[in-house]
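See below for the structure under consideration.
The values are calculated or read from the model by the stated rules, or taken from the named source; none is laboratory data. Quick caveat: nothing in here was measured; it's all calculated off a predicted structure. Backbone-built Cβ (ideal geometry, glycine too); neighbour counts: all protein chains shown.
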Amino acid sequence: MSTAIIQGATGGLGLPLVKLLLEKTQLNVIALTSKSKPSSSASSSSSSLSASSKILSHPRVKLINSVDLLDEQTVQRAADEVKDILGGKKDVRLVVCLAGQLHPEKSLAQLDPSTALQSLALNSLGHLLLYKHILQFVPTSRQFQSQLEDLQEIGDPARGWIRPDGGVWLSTSARVGSIGDNRKGGWYSYRASKAALNQMIRTLDHELVMKKSSALVSTRHPGTTLTSFTRPIIGSPEPDPSRGLFTPEEGALKMLEMIQRARRGDVRGETGEMTGHGGGFYDWKGERVEW
């Protein structure tokens with residue numbers, strides 16, 4: 001219960017999230033990246049590379065490179081490394097999956113089947129594939145309570161940033177994945193992939209409940225973090241938190257606040273509806289987004 005796994009940990013949102021976890025909690029962080037090694041591109045300033053290196057070389061961080069969520073062999077290899085790091089313990093408290101790609105088709109004529117299928121695979125199945133191999137490291141609710149009792153003297157390593165009765169898995173979705181909120185059209189593959197992700201995460205949370213896992217999982221629309229991922233699509237607008245436009249540091253803090261708010265809640269009678277955040281779809285303000 002003292003380990004966080006962050007997929008996309010060297011990206012524009014992932015790296016500041018790792019930094020915040022190191023500052024605000026006592027969790028160990030396993031940082032997963034698709035890169036073969038931390039970026040050293042010419043576009044990266046020496047100061048940003050130095051800051052990145054400082055974060056990823058922190059004694060509480062273990063970096064696992066070359067994890068491609070479209071290639072299950074690399075995910076299995078990463079899981080083997082996680083097992084070695086944890087010493088076989090069920091110690092994972094937090095999992096955040098930031099995987100995603102965006103090809104914004106403005107019209108049907110721009111739809112490319114191979115690119116669209118790749119978006120669908122990474123933006124939805126990629127998340128599920130990660131969870132498939134991480135589940136083995138997550139304690140059941142009973143195991144979690146036993147671990148919590150063992151830590152009474154030193155306190156919860158999450159330091160109040162994760163629900164006290166279990167863990168949280170969080171996948172980044174997007175408001176454009178909402179079918180009910182689709183009022184403009186366009187972005188066929190991205191919208192479809194995020195809608196698929198929401199359905200998969202909803203289904204996964206039911207499985208976690210049935211298996212009496214200590215974790216809950218939900219999807220979150222984190223607003224727009226102004227990074228190299230968003231720049232080709234929306235340019236370089238000024239940050240405006242009131243409109244959900246965040247710097248990477250602001251976006252990471254909003255993400256951590258989302259994690260802090262996540263609660264399991266109860267199951268409502270025969271309908272099986274969850275009253276908490278498990279299986280839900282929420283935005284950066286904590287408001288539920290319609291399916």
Subset of the range 89-144 [polar (S, T, N, Q) and part of a helix (DSSP H, G or I)]: Q110, S114, T115, Q118, S119, N123, S124, Q136, S141, Q143
Any hit, the range 178-185, residues being surrounded by 17 or more Cβ atoms within 10 Å (Cβ to Cβ) and in contact with a Leu (Cβ under 9 Å, 6 or more places away or on another chain): no
Failed condition for S107, given (1) closer than 25 Å to G11 by Cβ; (2) hydroxyl-bearing (S, T, Y); (3) surrounded by fewer than 22 Cβ atoms within 10 Å (Cβ to Cβ): (1)
Which listed residue, of I154, I162, is of a type in the set (V, I, T), free of Cβ contacts under 8 Å to residues at least 12 places away in the same chain and part of a loop (DSSP other than H, G, I, E, B): I154
Test result for K194, part of a helix (DSSP H, G or I), modelled with pLDDT of 95 or more, surrounded by 15 or more Cβ atoms within 10 Å (Cβ to Cβ) and of a type in the set (D, E, K, R): yes
Residue match in the range 256-267 (condition: closer than 18 Å to L122 by Cβ, buried (at least 18 other Cβ atoms within 10 Å of the Cβ) and in contact with a helix residue (DSSP H, G or I) (Cβ under 9 Å, 6 or more places away or on another chain)): no
Identity of the residue in the range 233-248, under 15 Å from L15 (Cβ atoms) and over 16 Å from the mean Cα position of the chain (by Cα), that ends up surrounded by the most Cβ atoms within 10 Å (Cβ to Cβ): F246
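For the range 272-287, state whether one or more residues are of a type in the set (A, V, I, L, M) and in a helix (DSSP H, G or I).
There is no residue in the range 272-287 that is of a type in the set (A, V, I, L, M) and in a helix (DSSP H, G or I).
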Where G87 falls short, out of the listed (1) free of Cβ contacts under 8 Å to residues at least 24 places away in the same chain; (2) under 27 Å from P248 (Cβ atoms): (2)
Condition broken by F137, with the remaining ones in (1) closer than 19 Å to L17 by Cβ; (2) hydrophobic (A, V, I, L, M, F, W, C); (3) in contact with a strand residue (DSSP E or B) (Cβ under 6 Å, 6 or more places away or on another chain) satisfied: (1)
Residue that is surrounded by fewer than 21 Cβ atoms within 10 Å (Cβ to Cβ) and under 18 Å from the mean Cα position of the chain (by Cα), where the choices are T230, T172, T219: T230
Residues of the range 245-271 classified as modelled with pLDDT under 90 and in a helix (DSSP H, G or I), total: 3
Count of residues meeting criterion [modelled with pLDDT of 85 or more, in a loop (DSSP other than H, G, I, E, B) and more than 16 Å from V95 (Cα to Cα)] in the range 206-236: 4
Filtered residues of the range 123-140 (kept if within 11 Å of the chain's Cα centre (by Cα) and among the aromatic types (F, W, Y)): Y131
Those residues of the range 12-31 which are farther than 24 Å from G100 by Cα and of a type in the set (K, R), in sequence order: K24
